[in-house]
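Only one structure is covered here, and it is reproduced in the block below.
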Amino acid sequence: MRRRQFLGLTLGTLATGVVAGSMPRTGPRHTMTFGSSDSRTDAAAWNASRRFVDTRFGNIAYTDRGSGRAALFLHGFPLNSFQWRGAFDRLSSYRRCLAPDSLGLGYTHVADGVKVTPATQVQMLTALLDKLSISDVDLIANDSGGAVAQLFLTRHPDRVRTVLLTNCDVESNCPPPAVVPVIALAKKGRFADEWLAPWVADKDLARSAKGLGGMTFTYPDRLADETIDMYLRPLVESPQRKALTNAYAVGLAPNPLFGTESLLKRSQVPARIIWGTGDTIFSQADAAYLDKTLPRSRGVRRIGGAKLFFPEEFPDVIAEEARKLWGV
C-alpha cells in the first residue's frame, strides 16, 4: 500500500490518441519502444558502448554517439542513461549525443565523500563536459534530470543552446508530494531495500501497478526483464550502492530549485516542453509553469495518457521535437 500512496495512483483509462499538438491517431505511433523486438540498441549493445571519465566527483559512466554539436541527455530517478537509447538511435545523425549516468545511479562510480545532490550533479556535468572539451550543449531532460537541467541552465546559460524538458520538477512543485514518502524512507536507509530490491527479484511485481512499471510507464507490460535489471540491479548490488541510492532520494529535498524562477525568467535559451498527461507525480500545471516562466518557450506538447518515463516509450516524439528545436 505504501507504494500506491507514494505515487498517488489515480489511473483512468489511457487515451487511445493524443491531445492537440501531439501524435496523430493513425499510423505507427512509436516504432521502437523499450523492450520491443525492433529495438536496435539493446542492453548488451548499450553496455558495450559505455565509457568512463575520471573526475573529482568519481568515474562517470556515459554513452557518446554521433559527431558535431553536442546534445546532453539527463535521465530520471531511479533510471540511468539507458533511458535515452531510442532517442540516440534517432538523433545521433544530427548531434553528438551524450548521456551520463547521474551520481548515485546507473554505472557511475561516486568518489568518497561526494554529496549526491542536484547541485553536485551540475558540477559533475560541468567537469564531464570540460574533460570532453565540449563548450555548449542542447539539453534534453526528464524527471529529476529536468531539475538538474534547470539548475545547469541558470548557472551556465552560456553553455546551453536549447533546452527540451519533459515531465519534471519545477520550483513551485519540488519535491512533489508523491515523492516525499520516498525521501522519508530513504532517510531511514530503507528505500533501496524495501522498494527496489523486490522489483529486481520479481520482474512481474516490477511491472505491476505496485511496481516501477505500473507507476511510471505508459505500457508497463512492455518493460523487458533486461531493462528492469539495467536500471535497478546496480542500485542494490551492495550496501554501498544501496546507500548511494538512498542518498540520491534524500538529496531531492529541501527544494533544490528554490530561487531558480527569477533566473529562468531571464533566460534567452529557446525551450520546448513535452508533457505526458497520465503522469501521477508531476501535474499538468507544472508544464504550464515552465511555458510561462521560460521567455523563449515554444509551447507545450501534451502526450495523451503518457506517464512519467514516456521519453523511453515515445522516442519518435523526442526526436521530432528535438529536431524542430534544433532546426535540423
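The values are calculated or read from the model by the stated rules, or taken from the named source; none is laboratory data. Given the structure is predicted, the values throughout are model-derived calculations rather than measurements. Neighbour counts run over all protein chains shown; Cβ positions are idealised from the backbone, glycine included.
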Scan the range 308-318 and tell me whether some residue there is more than 30 Å from D202 (Cα to Cα), touching a strand residue (DSSP E or B) at 6+ places or on another chain (Cβ under 9 Å) and touching a residue at least 40 places away in the same chain (Cβ under 8 Å).
yes
Among residues of the range 173-198 being within 15 Å of T245 (Cα to Cα) and part of a loop (DSSP other than H, G, I, E, B), the residue farthest from the chain's Cα centre (by Cα) is K188
Of the residues in the range 199-237 that are charged (D, E, K, R), closer than 20 Å to G106 by Cβ and assigned to a helix (DSSP H, G or I), the one that is farthest from the chain's Cα centre (by Cα) is K203
Worksheet item: Does N255 qualify as being crowded, with 20+ Cβ neighbours inside 10 Å and either assigned to a strand (DSSP E or B) or at pLDDT 95 or above (or both)?
Response: no
Has the range 265-280 got at least one residue that is basic (K, R), surrounded by 19 or more Cβ atoms within 10 Å (Cβ to Cβ), touching a strand residue (DSSP E or B) at 6+ places or on another chain (Cβ under 6 Å) and at pLDDT 95 or above? yes
Checked the range 246-273 for anything of a type in the set (G, A, S) and farther than 26 Å from V317 by Cβ; matches are A247, A249, G251, A253, G259, S262
*asked:* Looking at the structure I just gave you, is R90 of a type in the set (K, R) and closer than 19 Å to F309 by Cα?
replied: yes
L252 vs. criteria within 17 Å of the chain's Cα centre (by Cα), farther than 25 Å from L294 by Cα and touching a residue at least 60 places away in the same chain (Cβ under 8 Å):
no
When the range 88-131 is checked residue by residue, the ones that are farther than 26 Å from G259 by Cα, of a type in the set (A, V, I, L, M) and surrounded by fewer than 17 Cβ atoms within 10 Å (Cβ to Cβ) are A111
Among residues of the range 300-328 being farther than 20 Å from A71 by Cα and more than 16 Å from the chain's Cα centre (by Cα), the residue surrounded by the most Cβ atoms within 10 Å (Cβ to Cβ) is I303
| message | Looking at the range 141-158, can you tell me whether even one residue there is among the small types (G, A, S), closer than 18 Å to W326 by Cβ and not in a helix (DSSP H, G or I)? | response | yes
